[in-house]
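**Student:** Questions regarding the structure given below will be posed in turn.
The values are calculated or read from the model by the stated rules, or taken from the named source; none is laboratory data. Predicted model only: the values in this text are computed from it and were never measured. Here the Cβ positions follow ideal geometry from the backbone for every residue, glycine too, while neighbour counts run over all protein chains shown. Quick note on the areas: whole protein, heavy atoms, side chains included, nothing else; ligands and nucleic acids left out. Shrake-Rupley method; radii C 1.70, N 1.55, O 1.52, S 1.80 Å.
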Amino acid sequence: MSNKEGSGGFRKRKHDNFPHNQRREGKDVNSSSPVMLAFKSFQQELDARHDKYERLVKLSRDITVESKRTIFLLHRITSAPDMEDILTESEIKLDGVRQKIFQVAQELSGEDMHQFHRAITTGLQEYVEAVSFQHFIKTRSLISMDEINKQLIFTTDDNGKENKTMRKLRFREMK
């Protein structure tokens, strides 16, 4: 240990001389100034965007987990009679995943989807894998992107419930 460090084992820094609860020299900031109001507005906008991003990440995780469970379920097919029961159960699980994707579509309504691309991509990829695997087991052919997109056309009414006659929310191929 050098003489500079003292007996405590660490060097003192410049800011250690200032009390932590007091400001350094300076004036109080006027919280009603136009600059502060603008920054407050920016803060609220960024907080709202961050909160939306976190909700989308959580939904994407839920989509990923349920899609993986569906894939694991489909791996259990061993015989023809067993196959129909498992395919029926997998369809029920995928309907639940589609409801989660509907929630994502509601979150993204009116937003630029590409700003939240990283939050939802993994969930959508896992969903496409589950749907593709299920389709392959049923038909022994690959499913097209158009067929997947047809399953992901959602319409809503003013109460936020699914309705077949109102506006469409649709996921397109993201690049």
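**Student:** Can you figure out the FRET efficiency of residue 115 with residue 75, using R₀ = 45 Å and their beta-carbon distance, to the nearest 0.05? Please list the in-between numbers first.
**Tutor:** Working: r = 36 Å, r/R0 = 0.79.
Efficiency computed from Cβ-Cβ geometry: 0.80.
**Student:** Here is a further query. How much area per residue is accessible in segment 47-143 when the probe is 1.4 Å and only protein heavy atoms are counted (Å²)? List each step's numbers first, then the result.
**Tutor:** Values: 5460 Å² over 97 residues.
Heavy-atom SASA per residue in segment 47-143 reads 56 Å².
**Student:** Further, regarding this structure: With a 1.4 Å probe and every protein chain left in place, tell me how much accessible area residue 93 has, in Å² to the nearest 10.
**Tutor:** Its accessible surface works out to 60 Å², give or take rounding.
**Student:** For the full complex of protein chains and a 1.4 angstrom probe, list 142, 124 by accessible area with the highest value first.
**Tutor:** From most exposed to least exposed: 142, 124.
**Student:** Here's something else I'd like to know. Provide the per-residue ³J(HN,Hα) series for segment 134-145, in order, calculated from phi with Karplus coefficients 6.51, -1.76, 1.60 and θ = phi - 60°, each as a whole number of Hz, with x at glycine and proline positions.
**Tutor:** Result, rounded to whole Hz: 4, 4, 5, 5, 5, 10, 6, 9, 7, 8, 8, 5.
**Student:** Among 73-83, 129-139, what's the highest-first ranking by average C-beta atoms within 10 angstrom per residue?
**Tutor:** Highest-to-lowest ranking by the protection proxy: 129-139, 73-83.
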